[in-house]
Amino acid sequence: MAITQQREFLSQIPPFDHLEKALLNKLADSMDVVYLPHKTLIKFEGPVTENSLYLLIKGKVAEIQDDEVTYRYSVRGFFGDTDILGEGNRLAHYEVQEEAIAYKLPAKLFLQAFEQNHDFAHFFNSSIVEKLNRIHEAVQSATSTEVMMDTVCSAPLQPYVALDKESTLHHAAQLMVERRTDACIVEFKDAEIGIVTSTDILKLLAKNEPELASLRLDELANRPVQTVHEFDYLFNALLKMTRFQIDRLVVRGDQGYRGFLHQKDLMSLFANQSGLVLLKVEQAQSVADLVVLGEQIDGLIANLNRKGIKTHYIAKLVNELHRKMISKLVDFLLPEHLTDKVCIFVMGSEGRSEQVIRTDQDNALIYADDLTESELRELEAFATSFIAALQEMGFPPCPGDIMLSNSDWRMNKTTFMEKVAGWFKNPSDENFMHAAILFDAETVFGQGSWLNQLKQTLQHEKERYSNFLRLFAVSVLRFKTPIGFFGGLVADSESGHEVIDIKKGGIFSIVHGVRCYALESGIEKTNTHWRIKALMDAGVFDKEFGIELGETLNFLNTLRLESMLHQLADGIEVPDNKIRLSELSHMQQDLLKQSFTVVDDFKKRISHHFALDGLL
Amino acid sequence: MLAYIKAWLKGSKVNKLKRQLKDPYYQYLFDVEPGVFVCFDCETTGLDRKKDRIITLSAIKIVNNEVQTSQSLNLVIQQPEDISAESIAIHQIRNLDVENSESLYTDEFEAIKVFLEFIRGATLVGYHLEFDIAMVDRVIKPRLGMGLPNPQIEVSGMYYEYAMQKYKRSCIEPNIDLSFDTILKNTQIPNFGQHDAFSDALMTSLIFLKLQQSISR
């Protein structure tokens, strides 16, 4: 019977899901269905107890205050709570923007629930941050937690075994057998450590080394040793292992070392795709393998996002995978005699490790000054096939043609240096943009030091042209933050939907603003979150502001990611940066508004700091 | 003139019914309540108006733009024993109404009396309303001497009028599909799930509200 439907409907809407069954049923059974034609006005007048809470079954309703839309509600959204609870003298009214059908819950019963259930009441009283955390919790408890996001100390660790550097290999082997572990830490002075593993012993045996047992550990130990903090995420541990191509990490705690994390133990925890994708990149044999992986990564992203994992971490993981894929691709395509004569790097969002859905590519190549004609021809052929393969792997071509297949972005070292210096001599919007993306660049393959020299040129030229930073920073203000005078969201209308370009509206300003500060302070990190952290450490941002800025960026990026995943699911190949307001919950709209306020504050700070007034 | 004749015909029909009414207690059915609509739907043992019986009846009042689901009437009528338990299960009458013993009736006239109290002088609304009314009339005619005298609105008729608006100036004779699902889809009313008397009455109410709005505009 449909009465059960009303109960079911209500039980799925937080915070009503917190109500005990009897009360929930009582509320559900008291609901009427109301038909609200387009443009219907709803006002909360008269005694509170005669009003109702509206829960939308269908359609869209806008909350309007002083002629400005302050909220939008759609399916499963509800409104009237603030009016019933009488928070301040609100002058808001509601207008139906798309023919709607709603359940009406009498205020009397809503208030009864409010009085009887503490959790329920708390939901309406608590701050936004608390509400958000509860959503996060709900998402996470709904699905089993992703192993990748567990901490290192939750994995099986091998016991920690250590000897000082004067000990013999025999001693080490004895200890390893006794403690059932396959590695031994060698302690040098000043807390420096090295490591000897069973593999090392095996290799020595194979070489038939004389006097094996009496060899001293300080001659054998591998250094430096890669470590991971016990409270770090497991996926970070896996990333480290693949990055350094090692089988184990030393786990450190706040007070000394805890043990070893072995790759085989780690892999046994990943029964799902997320860990496997990482290893598959390593195992890929051909371009076709990489293409298949590209598709799997998209699935992984959707999965991680659904599990409520912060976009910043998803981005970190995905970009690590992307870079591995790109460097594998270079392995496949680049003639071997050229491998140490090039430096291939990614720029912009890829350089910052902030591109999650592949929407763009910016890459370039530096080659040695002394290449022969035939080598140059080989390189050109490589460039063409490389970009073609990337496209197949799902990286759309760069609309501005900033790709190494373009000879403007494939140059020898000297010419590249001159090119960068040229940007400063002839400042233009385009050249500023080039400087910006180069500043975010990171090497994917080859001679990383060449890119560093290029970046040093950037820093150096910046010093020479004292006005540069000021002009560079101006574009932070290029787009207006989409927030109105009364704090409502300002949306564009696009084929019947109200949309906001979230990149122009907020993400760009934060990323570029942080980039300006980083360039000014000579910070080499490229990821915006790491830059913010570095700026906090350097005392440029106070801690509170830095955290707020980082969280804001995270939230905006999450909305963008969700919108893009939606678009991909709808069959759009290259998704855009627009988010539809009607698809956001009440809470998300609330947070979006707060986020834009943070963006606006940051813009003011930048304006002041770089003296931008009068430049626009 | 035509309108006058229509009104007179209607009046004389009502008068005729009034004369037929055996029990003056039910006089209230003639006191038309303007602006009050009752949408109702029955689940029956079959489609034979003479032999088949009502198993469940749901009625919902509509006032202004509100469908008063909180005060809906959901009647379940116990069937003569020879009707199998399986058949009852098919009609989904187990849970709520059996729990709620108030709405389980052993005598069908007792059940319909509650329905009459509920509708009073309201205008009746339904989809293929004529059938549901015939099912009710079968029960009340022997006792009251008449069928339901209330004004009636057939939503499929409203829908026909609504759909025809598009063809006002056209000379083609459109073929309009009057099936419930099509009407539901074209009026963009959400499907509330399984077809039981209550859901159907609710959806029909919403179709009625929507069409009333669209046609008056």
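The values are calculated or read from the model by the stated rules, or taken from the named source; none is laboratory data. It should be emphasised that the depicted structure is a prediction, and the values quoted were computed from it without experimental measurement. Neighbour counts are summed over all protein chains in view; Cβ atoms, including those assigned to glycine, are modelled from backbone coordinates with ideal geometry. These accessible areas exclude ligands, DNA and RNA; they are computed on the full protein's heavy atoms, side chains included. Shrake-Rupley method; radii C 1.70, N 1.55, O 1.52, S 1.80 Å.
So the values come out like this:
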quantity	calculated
Protection proxy ranking of A:508-514, A:398-404 - average other beta-carbon atoms within 10 Å, highest first	A:508-514, A:398-404
Paired Rg and Dmax values of the protein assembly as shown, which use every Cα atom, in angstrom	36.4, 125
Options A:N117, A:S154, B:P24, ranked by Cα towards positive dipole end of the protein assembly as shown, top entry (Cβ charges)	B:P24
Residues whose placed amide H lies under 5 Å from that of A:A100, excluding near-sequence neighbours	A:L36, A:H38
Computed [θ] at 222 nm, deg cm²/dmol, chain A (DSSP H ≥ 4; -39,500 (n - 2.57); rounded to nearest 500)	-15000 deg cm²/dmol
C-alpha long axis of helix A:107-116 to longest principal axis of chain A, angle in °	50
19 Å Cα-Cα threshold exceeded, pairs from A:K419/A:K462; A:K324/A:K419; A:K240/A:K341	A:K324/A:K419; A:K240/A:K341
Inter-centroid distance (Cα atoms) of the range B:134-186 relative to the range A:151-178, Å	85
Highest to lowest packing among A:198-209, A:214-225, A:316-327, A:240-251, scored as the average C-beta count within 10 Å	A:316-327, A:240-251, A:214-225, A:198-209
Net charge over other residues, Cβ less than 9 angstrom from the Cβ of A:I579 (K, R count +1; D, E count -1)	0
Spacing of the two label points (7 Å from each Cα toward its C-beta) at B:N191 and B:M164, in nm	2.9
Proximal lysines relative to B:K13, as straight alpha-carbon distance under 19 Å, when same-chain residues fewer than 8 apart are discounted	B:K22, B:K141
Crossing angle, helix A:128-142 versus chain A [Cα axis fit, 0-90 degrees, rounded to tens]	70
Rounded FRET efficiency, nearest 0.05, which uses the C-beta distance separating B:A134 from A:D265 and R0 of 60 Å	0.20
Contour excess over end-to-end distance, with Cα ends at B:T182 and B:S214 and 0.36 nm allotted per residue	9.8 nm
Whether the range A:290-465 is rounded, prolate or oblate, judged on the alpha carbon gyration tensor where a/c under 1.5 counts as rounded	oblate
Neighbourhood net charge (11 Å Cβ-Cβ; Lys/Arg +1, Asp/Glu -1) for A:E548	-3
Nearest-0.05 FRET efficiency for A:A22 and A:E45, computed from C-beta distance (R0 25 Å)	0.20
Label-point separation, A:S493 to A:S154 (7 Å along Cα→Cβ), nm	4.8
Cβ neighbours within 10 Å from other chains - mean over B:182-192	2
Net dipole in debye of chain A [+1 Lys, Arg Cβ; -1 Asp, Glu Cβ; about Cα centre; nearest 20]	340
Rg in Å to one decimal, and Dmax rounded to a whole Å, for the range A:151-269 via C-alpha atoms	14.2, 43
Net charge over other residues, Cβ less than 15 angstrom from the Cβ of B:L116 (K, R count +1; D, E count -1)	-2
Cross-link partners of B:K185 among lysines (Cα-Cα below 24 Å; sequence separation of 8 or more within a chain)	A:K39, A:K58, A:K60, A:K104, B:K61, B:K166, B:K168, B:K210
Pairwise FRET efficiency - A:H93 versus A:S327, Cβ, R0 = 51 Å, nearest 0.05	0.30
Accessible area buried between chains A and B, both sides summed, probe 1.4 Å, in Å² to nearest 100	2100
Karplus 3J(HN,Hα) series, Hz, for the range A:462-476 with 6.51 cos²θ - 1.76 cosθ + 1.60 (x for Gly, Pro)	4, 5, 5, 9, 5, 7, 4, 4, 4, 5, 5, 6, 4, 5, 4
Among the listed pairs A:K189/A:K533; A:K455/A:K504; A:K280/A:K316; A:K533/A:K603, those beyond 21 Å (Cα-Cα)	A:K189/A:K533; A:K455/A:K504
Nearest 10 degrees, 0 to 90: helix A:429-439 Cα axis against chain A principal axis	60
Extended-chain gain in nm, criterion 0.36 nm per residue less alpha-carbon gap, A:E520 and A:L204	108.7 nm
Size of charge dipole - the range A:475-609 - debye, nearest 20, with Cβ of Lys, Arg +1 and Asp, Glu -1, no other charges	440
Dipole magnitude (debye, nearest 20) for the range A:282-441, charges at Cβ of Lys, Arg, Asp, Glu	700
Part-to-part distance (alpha-carbon centres) for the range A:35-97 and the range A:485-518, which is given in Å	26
10 Å Cβ neighbours from other chains, averaged over peptide A:33-44	4
Positive-end residue of A:T40, A:H170, A:H460, charge dipole of chain A with Cβ unit charges	A:H170
Among A:I507, A:V287, A:L239 the positive-end extreme of the charge dipole of the protein assembly as shown (Cβ point charges)	A:I507
Rounded, prolate or oblate (a/c below 1.5 giving rounded, otherwise prolate when a/b exceeds b/c) for the range A:2-125 by Cα gyration tensor	oblate
Cα-projected label distance for A:S466 with B:F109, points at 7 Å along beta-carbon direction, nm	10.7
